[in-house]
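Novice: Take this structure first; my questions come after.
The values are calculated or read from the model by the stated rules, or taken from the named source; none is laboratory data. Source: prediction; values computed, not measured. A quick note on method: Cβ atoms are made from the backbone with ideal geometry, for glycine too, and the neighbour counts reach across all protein chains shown. The accessibility values were calculated without ligands, DNA or RNA, using every heavy atom of the protein model including side chains. Shrake-Rupley method; radii C 1.70, N 1.55, O 1.52, S 1.80 Å.
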Amino acid sequence: QVQLVEAGGGLVQAGGSLRLSCAASGRGFSGYHMGWFRQAPGKDRVFVAVITRSGGGQKYADSVKGRFTISRDNVKNTVYLQMDTLKPEDTAVYYCAASSSLGLMVAKDYYKGWGQGTQVTVSS
């Protein structure tokens, strides 16, 4: 079972950048696709991005495509989310999670090992 801890959130002005990290402990990090989700106040947790086990493939939500980049380091057991050109609507708690599914899934039901999340606030 993998345990995940997110970090790197904060307060940033619109147009700015942040880099989130998600450190994994436990066994088998490189055996999981890794995803990022976010949850705004009063809203459901939604898909942001996912990366394959090897790091060679990615999928993004339309709302972040071209602005966010997901990557991973299987030596450091860490997945990253580089967020550029941030908008106020990106404000949310960001979570990472692991998926053992065959494909790159966008539904949160396919993920496990959720961390505690990291708050991202974008001011206008």
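Novice: Going 7 Å from the Cα of Asp109 along its beta-carbon direction, which residues of the range 35-67 have the amide nitrogen within less than 14 Å of the resulting point?
Specialist: No residues fall inside that zone.
Novice: Another one. Using θ = phi - 60° and the Karplus form 6.51 cos²θ - 1.76 cosθ + 1.60, what ³J(HN,Hα) does each residue of the range 88-101 get, whole Hz, x for Gly and Pro?
Specialist: After applying 6.51 cos²θ - 1.76 cosθ + 1.60, I find x, 6, 7, 4, 4, 8, 9, 10, 10, 7, 10, 10, 9, 5 Hz.
Novice: Stretch Ser63-Ser123 to full length: gain in nm at 0.36 nm per residue minus the Cα-Cα span?
Specialist: On the way: separation 60, 0.36 × 60 = 21.60 nm, distance 1.77 nm.
In short, 19.8 nm is gained.
Novice: Determine, for the chain, the count of lysine pairs separated by eight or more sequence positions (or lying on different chains) whose alpha-carbon distance falls under 23 Å.
Specialist: Within the chain, the lysine pair count is 12.
Novice: Placing one identical point scatterer on every Cα of the chain and ignoring solvent, what is log10 I(q)/I(0) from the Debye formula at q = 0.17, 0.22 Å⁻¹?
Specialist: With no solvent term, the Cα-only Debye profile gives -0.77, -1.30.
Novice: In terms of solvent-accessible area of protein heavy atoms at a 1.4 angstrom probe, what is the ranking of Glu6, Glu89, highest value first? Don't skip to the answer; put the middle values down first.
Specialist: Details: Glu6 10, Glu89 125 Å².
Heavy-atom accessible area, descending, gives Glu89, Glu6.
Novice: Over all distinct alpha-carbon pairs, what is the Kirkwood Rh of the range 1-40 in angstrom?
Specialist: Working: mean 1/r = 0.0820 Å⁻¹.
Here the Kirkwood hydrodynamic radius works out to 12.2 Å.
Novice: What is the distance, in nm, between label points placed 7 Å from the Cα along the Cα-to-Cβ direction at Thr52 and at Ala23?
Specialist: It is 2.9 nm.
Novice: Go from 0 up to the bin containing the longest alpha carbon distance in the range 62-124, width 5 Å each, and give me the % of pairs per bin.
Specialist: Percent of Cα pairs in each bin: 4, 13, 20, 27, 22, 10, 3, 1.
Novice: Ignoring any ligand, DNA or RNA, what whole percent of the accessible area of the range 33-124 comes from carbon and sulfur when the probe is 1.4 angstrom?
Specialist: Numbers: 2230 of 4380 Å².
So the carbon and sulfur contribution to the accessible surface is 51 percent.
Novice: For Thr85, what accessible area in Å² do you get when you roll a 1.4 Å probe over the heavy atoms of the protein chains, rounding to the nearest 10?
Specialist: Rounded to the nearest 10, the figure is 80 Å².
Novice: Considering only protein heavy atoms, what per residue accessible area in square angstrom results for the range 58-124 with a 1.4 angstrom probe? Write out the running numbers ahead of the final one.
Specialist: On the way: 3340 Å² over 67 residues.
With the other protein chains kept in place, the range 58-124 gives 50 Å² per residue.
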